Amino acid sequence: MEPLIITVFYISCFIIFWAMIGYPISLKLIGKFYKTRQLIKDYSHQPTVTIMVVAHNEEKVILEKLNNLLQLDYPQEKMEILVSSDNSTDRTNEVVRQFIEEHKNKKIRLFEVKERKGKTNAQNEAQKTVTTEYLVMTDANSLMDKKAVKELLAAFTSIEIAYVTGKLSIVNQDASDVSSSEGRYWQSDLAIRELEGRIQTITAGNGAIYACRTNDYYDFDPIQCHDSAMPLFFALQGKRAICNHDAIAYEKAGENIEDEFGRKVRMNRVILKHIFPNIRIFNFFKFNWFSYFYFGHRTCRYLLWISHLSVFIANACIVQQSWFYTMAFIGQLAFYVLAIIQVIAKTKIKAFVLFFYYCVTVAAQWVGIYKIFLGKTTPFWEKAQSTR
């Protein structure tokens, strides 16, 4: 029994280490061999494009969003704005209709989803009305840089590139400890994505700003989200999903832990399916670096919830076997105690804040798992007021 417990301990330690430290370091080393491979752009590539905004009860931000889209630096005759309202019950539809009436010279449409089934379903239904060559997706509460659409489409320089995501810039990073922690995490993740895209293909995108060819669009199950589903889908087809961080969208992060925790729980609503989404994905001979990327960036991170529990229990069982196991167990206890102290004292000590934020991330995975087993996962999202 003891050998099994020790094996579980070391496997769990490896998963945690590889997800948070080993994989990012290894990727930087691999990236050194691809320094000459840079993102190619073709600014003469200006196809027709529909910019789709999915909104559910976004009366607070939808007008600013529409005005923002009219300021985009892209040929107006080639651009259409489509608001897919996911059964909004506030003034969202009314605001959009009035905006359309006031801008009759612009191509703006409102698509009303009759039954609320979530963001992905609203995209699926609205996409069937699109006639342009490309689709750009963006959130109602994010503002796009003037050159964002031009940058996204300039990156489609070959038929193998099926998906391009931009850079989400958090504008309220210094507003609270929560938004600051999310901002630091996001900056490190952007660096990883840039390397993955340069070497081959990214493992996940961002819902605030991304694009694909209309003909490549796929109707995903409404429980899924494009952020994680699209890059994987295209990678399995032998195509590439990349990032162009010169295409920028600005957005607020959650400023309180309740908002951020809720967002993370929603992100984990299909976590079990994403650990090993398709056994083919680990065929390195066929998918090359993407197999490595997915294991390090996705599979290991999606296993943090069970890895932290198993390493703690295993360590407790063998704590007296050697000084190493004793110190490892004390280290784990100290980690969780510091996170609890942060909850109670709300200190400004960066290490405490970091430990707390990390524990919240793992806890959100556990809640996601809990909801999956109880059949309580839904495709709906409840907007965080602190991000509006």
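The values are calculated or read from the model by the stated rules, or taken from the named source; none is laboratory data. Source: prediction; values computed, not measured. All Cβ positions, even for glycine, are placed from backbone atoms using ideal geometry, and neighbour counts span all protein chains on display.
Quick notes on this one:
- Some residue of the stretch 304-322 being closer than 30 Å to Asp86 by Cβ, part of a helix (DSSP H, G or I), touching a residue at least 40 places away in the same chain (Cβ under 8 Å) and not small (Gly, Ala, Ser): yes
- In the set (1) part of a loop (DSSP other than H, G, I, E, B); (2) within 14 Å of Lys106 (Cβ to Cβ); (3) out of contact with any strand residue (DSSP E or B) (no Cβ under 7 Å at 6 or more places or on another chain), the condition left unmet by Glu77 is number (1).
- Qualifying residue in the stretch 264-283 (condition: surrounded by 19 or more Cβ atoms within 10 Å (Cβ to Cβ), in contact (Cβ under 8 Å) with a residue 60 or more places away in the chain and of a type in the set (S, T, N, Q)): yes
- Whichever residue in the stretch 351-383 is of a type in the set (Ser, Thr, Tyr) and modelled with pLDDT under 90 and, among such residues, is nearest to His274 (Cα to Cα): Thr377
- Screening Phe290, Phe282, Phe276 for residues that are modelled with pLDDT of 95 or more and of a type outside the set (Asp, Glu) leaves exactly one candidate, Phe290.
- Complete set of residues in the stretch 154-173 that are within 25 Å of Asn256 (Cβ to Cβ), out of contact with any helix residue (DSSP H, G or I) (no Cβ under 8 Å at 6 or more places or on another chain) and either among the aliphatic types (A, V, I, L, M) or without any contact (Cβ under 8 Å) to a residue 40 or more places away in the chain (or both): Val171
- Residue satisfying condition, being part of a helix (DSSP H, G or I), of a type in the set (A, V, I, L, M) and either more than 26 Å from the chain's Cα centre (by Cα) or modelled with pLDDT under 95 (or both), within set Ile25, Ile15, Ile21, Ile11: Ile11
- Cross-chain or 6+ apart pairs with Cβ under 9 Å, the stretch 342-362 first and without any contact (Cβ under 8 Å) to a residue 24 or more places away in the chain, then surrounded by fewer than 18 Cβ atoms within 10 Å (Cβ to Cβ) and among the small types (Gly, Ala, Ser): Phe352/Ala345
- Filter pass, Glu115 being among the acidic types (Asp, Glu) and modelled with pLDDT of 95 or more: no
- Members of the stretch 181-229 that are small (Gly, Ala, Ser), surrounded by 20 or more Cβ atoms within 10 Å (Cβ to Cβ) and in a helix (DSSP H, G or I): Ser181, Gly197, Ser228, Ala229
- Filter result for Tyr302 (under 19 Å from Ala364 (Cα atoms) and modelled with pLDDT of 95 or more): yes
- Filter result for Glu2 (surrounded by fewer than 17 Cβ atoms within 10 Å (Cβ to Cβ) and in contact with a strand residue (DSSP E or B) (Cβ under 8 Å, 6 or more places away or on another chain)): no
- Of the listed requirements (1) crowded, with 21+ Cβ neighbours inside 10 Å; (2) part of a loop (DSSP other than H, G, I, E, B), Glu115 misses just one: (1).
To keep it simple, each residue is scored yes or no on (1) part of a helix (DSSP H, G or I); (2) modelled with pLDDT under 95.
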residue: Lys146; (1), (2): no, no
residue: Leu152; (1), (2): yes, no
residue: Val164; (1), (2): no, no
residue: Lys167; (1), (2): no, no
residue: Asn172; (1), (2): no, yes
residue: Ser179; (1), (2): yes, yes
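Residues checked against (1) surrounded by fewer than 18 Cβ atoms within 10 Å (Cβ to Cβ); (2) touching a Lys or Arg at 6+ places or on another chain (Cβ under 6 Å); (3) small (Gly, Ala, Ser):
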| position | (1), (2), (3) |
| --- | --- |
| Tyr325 | no, no, no |
| Phe335 | yes, no, no |
| Val343 | yes, no, no |
| Lys348 | yes, no, no |
| Tyr357 | no, no, no |
| Ala364 | no, yes, yes |
| Ile372 | yes, no, no |
| Lys376 | yes, no, no |
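- Selection of the stretch 285-294 for residues being out of contact with any helix residue (DSSP H, G or I) (no Cβ under 6 Å at 6 or more places or on another chain) and either buried (at least 19 other Cβ atoms within 10 Å of the Cβ) or among the β-branched types (Val, Ile, Thr) (or both) yields Phe287, Tyr292.
- Qualifying residues in the stretch 38-67 (those that are free of Cβ contacts under 8 Å to residues at least 40 places away in the same chain and in a loop (DSSP other than H, G, I, E, B)) - the one surrounded by the fewest Cβ atoms within 10 Å (Cβ to Cβ): Ser44
- Scanning the stretch 60-85 for residues that are farther than 15 Å from Leu143 by Cα and at pLDDT 95 or above yields Tyr74, Pro75, Glu77, Lys78, Met79, Glu80, Leu82, Ser84, Ser85.
- Any hit, the stretch 119-132, residues being of a type in the set (D, E, K, R), over 21 Å from Cys212 (Cβ atoms) and not in a strand (DSSP E or B): no
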